[in-house]
Amino acid sequence: MEKTSKWSALLAVGLLGFFLTLTDAQAVPSFARQTGLECVACHLSWLELTTVGRQFKLGGYTLMKPVTSGERPLVSFAKDGNPPLIPLAGFAQVSLSHTNNMNSPGADASLFPNQDELVLQQFSLFLAGRVSDHAGGFVQWTYDGLAHTSAIDNVDLRLANRYKSDNLDVMYGLSLNNNPTMSDIYNTTPVWGFPFASSVVAPTPEAATLLQEGLAQQVVGLTAYSMWNRTLYAEIGGYRTASEGFSAFRAGVDLNEAAVLDGIAPYWRLALQHEWDGGTQSAMVGAFGLTANRFPDPLAAVGPTDKFSDLGIDAQYQYVTDTHRFSGQIAYIREQQELNGTFAAGGSSNPNNQLNNLSAKLTYYYQTKYGVSLGYQRIEGDTDAGLYSTGQPVSGSASGSPNSTALILELNWLPWRDRRFTLQYTAYQEFNGGKSNYDGLGRNASDNNTLFLLAWFPF
Amino acid sequence: MENSARTMTRRVGLLWGSQLLVGMAMAGKLDKQDFFYQTQPKDNKSCSTCRLYTATPSGKGVCALLDGEVSPSGWCMAYSPR
């Protein structure tokens with residue numbers, strides 16, 4: 001075990017050093033190589049999309065600069081030149097986490113693995129780019145440097161087209177993906193919401209709505225989307241368990257923990273957006289929803305299911321110039337749970353629960369190099385001792401309440417446009433239903449406050 | 001009944017799919033207004049210093065991503081310095 005940990009730390013340090021030597025910004029991901037665009041044309045700061053980035057995604061990732069004289073290379077990581085035939089890209093995340101108190105009553109070091117040491121928390125490879133005039137997408141494969149396992153990550157395969165006349169401009173298409181809200185073009189919904197990276201070893205609140213990536217890499221869905229006159233965005237589709245012929249969409253995922261749905265889970269999304277001031281400013285208000293029937297035991301997909309009805313409302317504002325960039329996002333998800341399966345099996349105290357999530361964040365970047373973000377996250381819902389009072393130190397809840405509140409302050413420094421260093425501090429005002437002694441063993445919410453340092457290197 | 005419903009769904013799907021792929025081309029370049037192209041520089045940035053711009057003998061130029069001629073002193077949201 002100790003050898004594995006040392007190997008992981010060594011690998012993390014090695015990768016950190018390797019990527020730090022690549023300081024000439026020649027290494028940029030495959031979408032940038034395909035289009036010739038700078039990262040910051042499509043991203044306010046990656047991963048947050050600008051107007052240009054949203055346009056690129058709506059177009060099915062097909063926009064490409066013309067091929068000039070000479071052949072396209074098979075694989076290339078060069079910034080200039082013809083786009084490579086195989087759009088290979090990747091990133092490494094090396095991080096260090098420190099949780100405020102790792103010695104509360106009932107807790108021991110085993111509950112806080114890999115703290116205060118450099119770890120390779122994620123290494124991802126992408127095939128990401130245009131396939132043909134109307135088809136494009138990305139497939140992400142991720143290695144978990146702590147569990148030493150690898151599995152499929154986000155997949156988004158698109159067919160896209162556009163109708164344009166004097167009065168009507170409709171961009172439309174299909175997205176085949178494995179994570180509800182991944183197809184979305186804004187940064188309010190869970191998959192692309194703040195924070196874009198966080199500690200994988202620090203304690204986090206137990207409760208989350210199903211839409212908060214509760215089905216990530218466990219389902220496959222087809223959605224049809226359209227953007228009308230750059231004003232109305234509409235998307236509708238459905239998700240099913242990624243089993244049988246679709247198992248590639250959850251390849252490598254631990255099936256003991258993968259969700260199994262009963263039938264199709266419908267998903268929808270509507271948004272009204274406006275862009276003005278020569279594209280410098282944009283705003284959006286919208287709503288989205290998902291209804292899913294999930295079997296409580298993924299290994300015994302029979303009998304009554306739990307029904308989750310999630311409804312979200314959201315809004316976003318962006319101000320984008322080369323010198324100053326500002327954005328704000330807010331999203332509220334209200335989840336109605338009808339726990340027919342879990343309640344019948346004795347897993348919950350209530351047959352029905354409500355769980356709500358509020359996420360908000362503000363970001364400012366100066367010269368696309370120096371950024372500060374402030375995030376607020378609140379999860380609250382019905383008290384249910386059967387669901388949340390596990391009696392466990394750190395992760396338990398003495399009150400049986402799912403309520404948690406966190407403030408996240410994040411500083412970002414991008415010395416080059418494809419090298420990010422992040423200092424993030426998460427402060428909990430409430431954790432699993434309490435401010436003090438929330439687990440019934442003497443642990444306070446603030447004991448879970450976490451300092452997180454991250455070096456994030458795409459290539 | 002179920003088979004007939006499936007056949008119908010398949011037909012509708014195929015029709016929709018063929019409509020999606022026929023005709024109006026997404027391929028190629030975007031319209032200038034897609035990236036809010038303007039004929040004036042912005043914040044001292046202009047097409048002439050963008051890596052997507054190529055000058056033409058006419059004194060104007062072309063953009064790798066936008067349709068038609070662009071001015072060397074123009075600008076758009078996709079500006080990417082050389």
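Observations on the model:
- All other residues whose Cβ lies under 14 angstrom from that of A:THR363 are scored, Lys and Arg at +1 and Asp and Glu at -1, for a net of +2.
- Think of each Lys and Arg Cβ as +1 and each Asp and Glu Cβ as -1; about the Cα centre, that makes the dipole of chain A roughly 1080 debye.
- For the residue pairs A:LYS57/B:LYS42; A:LYS79/B:LYS32; A:LYS65/B:LYS60; B:LYS32/B:LYS60; A:LYS65/B:LYS32; A:LYS369/B:LYS45, the C-alpha atoms sit more than 21 angstrom apart in A:LYS57/B:LYS42; A:LYS79/B:LYS32.
- Relative to the longest principal axis of the Cα atoms of chain A, the long axis of helix A:2-21 lies at roughly 30 degrees.
- Straight-line cross-link reach from A:LYS435 at under 24 Å between alpha-carbon atoms covers these lysines, not counting any fewer than eight positions away in the same chain: A:LYS361.
- Tensor-based shape of region A:382-459 (alpha-carbon gyration tensor, a/c under 1.5 rounded, otherwise prolate or oblate): prolate
- Local electrostatic count at A:LEU299 - Lys and Arg +1, Asp and Glu -1, tallied over other residues with Cβ under 14 Å: -2
Only the coordinates and a few stated rules stand behind these numbers; no lab work does. No experiment lies behind these values; they were computed from the predicted model shown. Because the Cβ atoms are built from the backbone with ideal geometry, glycine has one as well, and the counts that use them run over all protein chains shown.
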